[in-house]
Structure formats: structure tokens, C-alpha cells
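Q: First the structure, which I've put down as C-alpha cells, then a few questions once you've had a look.
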Amino acid sequence: MVTTALATASLAPAAIRLRSYAEDPAWQRAWLNLEPENWRSLAIVPTGDLCALDVVHGLASVAWQQRGTPLVIADLRQIALQSLAAARAELRRRSAGGERIIIAVNSLETNPTTASLVREVDKAVLCVYLGHTSRSQVKNAIRELGAQRCLGSIVVRSNGLPPVAKGSSKITK
């Protein structure tokens, strides 16, 4: 499991926010734990009302700095049932073409297409909203998505304060 404390996104303009992600040790640690894992497509799955898009942008910003090449960011939070087949086909096409994709989806509770989309990707990371996400939500998400697909979780602090940079993140198998 990947466990890293991250701050929620600030209300600063996007360019400033993305630059600060890339310079933040907690975001760097999160990316460096995820980057070597064997995946072409990675879904960021929030629990509850958390928005996955800020986490996706944070990881992609650090990835750009570290790799020098962009990742594909797919915002699939609002995919409706009638668009599901096309979205899944596009994910397969891009992944087969060698692109690395980070996907933002809505929580399993919010959008019924989320589980189907996440089952289409190589790996998933849960976003746990510290102080708001229950253990049962995490257990249910892992059960619904499949433990083999879940790399771990990113803990997002609910108070919006910057992350504590000390301590190490680790991946446990």
C-alpha cells in the first residue's frame, strides 16, 4: 500500500498551484512511490466528497518535472452510462499505444460508472479524506475494485494545511 499525506489544493491560480505541487516533498514522495509500479493507466479514486482531479494534477505536475514528458490526464468524473463504452475503448487504445494515463474519477458512491472504468485500468489508488473517510468506505472500495488492482491510498488532510514533509512513505506488498 502507498500511504502519503498530501495537502488539499489551495485556491491559488492553477499555474501557481501546479508549480507548488512539483516543489512539495510530499507530492514528490507520492509520485516517486507510484512511478516505478507496473502500470500504464492509473485511476485516482476518491472516497466520499473528495475531488480526485486535484490529486491527479498534483501527481502529473511532479511527473512532468521528474520525467520531462507529460502524462495523459483523463477527467472521467462525469462519464454517463451511455458514454462508458467509448471511454473504456479510448483508455484501452491509449494504454496499448504506450501512453501513461492518470485518470480522475468520482467516488464509487457518487457515479455508478466509476467501478467499471476502474476495472478497465491497470492500477488504482484510493484518496482517503483524513477525518472524513470511514474504514468501511475503504474496505468496500477495495472489495469492489479488487485488492490486486489497488496500489494503496493517498491520505489527503481535511484541514487544507500543507503536508508534514518528515516521515517516509512506503509501498508494502
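The values are calculated or read from the model by the stated rules, or taken from the named source; none is laboratory data. This structure is a prediction, so every number in the text was calculated from the model and none was measured. Note: ideal-geometry Cβ built from the backbone for every residue, glycine included; neighbour counts use all protein chains shown.
Q: All but one of (1) modelled with pLDDT under 90; (2) among the aliphatic types (A, V, I, L, M); (3) in a helix (DSSP H, G or I) hold for residue 165; state the number of the condition that does not hold.
A: Here residue 165 meets the rest and fails (3).
Q: Would you be able to tell me the number of residues in segment 130-147 that are surrounded by fewer than 19 Cβ atoms within 10 Å (Cβ to Cβ) and hydroxyl-bearing (Ser, Thr, Tyr)?
A: The number of residues fulfilling the criteria is 2.
Per-residue answers, yes or no, for (1) modelled with pLDDT of 90 or more; (2) among the polar types (S, T, N, Q):
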{"residue": "77", "(1), (2)": "yes, no"}
{"residue": "86", "(1), (2)": "yes, no"}
{"residue": "90", "(1), (2)": "yes, no"}
{"residue": "108", "(1), (2)": "yes, no"}
{"residue": "113", "(1), (2)": "yes, yes"}
{"residue": "121", "(1), (2)": "yes, no"}
{"residue": "128", "(1), (2)": "no, no"}
{"residue": "144", "(1), (2)": "yes, no"}
{"residue": "148", "(1), (2)": "yes, yes"}
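Q: Here is a follow-up. Of the residues 35, 120, 99, only one is out of contact with any helix residue (DSSP H, G or I) (no Cβ under 8 Å at 6 or more places or on another chain) and charged (D, E, K, R); which?
A: Details: 35 fails: out of contact with any helix residue (DSSP H, G or I) (no Cβ under 8 Å at 6 or more places or on another chain); 120 fails: out of contact with any helix residue (DSSP H, G or I) (no Cβ under 8 Å at 6 or more places or on another chain).
The match here is 99.
Q: Quickly run through segment 1-37 and pick out the residues that are polar (S, T, N, Q) and at pLDDT below 85.
A: Scanning segment 1-37 gives 3, 4, 8, 10, 20.
Q: If you don't mind, there's one more thing I want to ask. With respect to residue 110, determine if the residue is in a loop (DSSP other than H, G, I, E, B) and within 15 Å of residue 154 (Cβ to Cβ).
A: Values: in a loop (DSSP other than H, G, I, E, B): yes; within 15 Å of residue 154 (Cβ to Cβ): no.
Judged against the criteria, residue 110 is not a match.
Q: Could you check segment 34-84 and list, in sequence order, the residues that are more than 14 Å from residue 107 (Cα to Cα) and of a type in the set (Lys, Arg)?
A: Listed by number, the residues that qualify are 40, 67.
Q: Suppose we keep only residues that are in contact with a strand residue (DSSP E or B) (Cβ under 6 Å, 6 or more places away or on another chain) and among the aliphatic types (A, V, I, L, M) within segment 92-117. Which one would you say is nearest to residue 31 (Cα to Cα)? Outline the logic, then answer.
A: Pass one, segment 92-117, residues in contact with a strand residue (DSSP E or B) (Cβ under 6 Å, 6 or more places away or on another chain): 94-95, 99, 101-105, 107.
If we keep only those that are among the aliphatic types (A, V, I, L, M) too, we end up with 101-105.
Numbers: 101: 13, 102: 11, 103: 14, 104: 15, 105: 18 Å.
Filtering segment 92-117 for residues that are in contact with a strand residue (DSSP E or B) (Cβ under 6 Å, 6 or more places away or on another chain) and among the aliphatic types (A, V, I, L, M), the one nearest to residue 31 (Cα to Cα) comes out as 102.
Q: Among 35, 90, which is the only one that is of a type outside the set (Lys, Arg), surrounded by 13 or more Cβ atoms within 10 Å (Cβ to Cβ) and within 21 Å of residue 20 (Cβ to Cβ)?
A: Details: 90 fails: within 21 Å of residue 20 (Cβ to Cβ).
Every option except 35 fails the conditions.
Q: Taking residue 77, is it closer than 24 Å to residue 142 by Cβ, out of contact with any Pro (no Cβ under 7 Å at 6 or more places or on another chain), in a helix (DSSP H, G or I) and free of Cβ contacts under 8 Å to residues at least 40 places away in the same chain?
A: On the way: closer than 24 Å to residue 142 by Cβ: yes; out of contact with any Pro (no Cβ under 7 Å at 6 or more places or on another chain): yes; in a helix (DSSP H, G or I): no; free of Cβ contacts under 8 Å to residues at least 40 places away in the same chain: yes.
It is false that residue 77 is closer than 24 Å to residue 142 by Cβ, out of contact with any Pro (no Cβ under 7 Å at 6 or more places or on another chain), in a helix (DSSP H, G or I) and free of Cβ contacts under 8 Å to residues at least 40 places away in the same chain.
Q: Would you confirm whether or not segment 49-68 contains a residue that is under 16 Å from the mean Cα position of the chain (by Cα), at pLDDT 85 or above, surrounded by 14 or more Cβ atoms within 10 Å (Cβ to Cβ) and acidic (Asp, Glu)?
A: Scanning segment 49-68, I find no residue that is under 16 Å from the mean Cα position of the chain (by Cα), at pLDDT 85 or above, surrounded by 14 or more Cβ atoms within 10 Å (Cβ to Cβ) and acidic (Asp, Glu), so the answer is no.
Q: Answer yes or no as to whether residue 82 is in a helix (DSSP H, G or I), surrounded by 13 or more Cβ atoms within 10 Å (Cβ to Cβ) and not small (Gly, Ala, Ser). Lay out the reasoning, then the answer.
A: Details: in a helix (DSSP H, G or I): yes; surrounded by 13 or more Cβ atoms within 10 Å (Cβ to Cβ): no; not small (Gly, Ala, Ser): yes.
Here the answer is no, as residue 82 does not meet what is asked.
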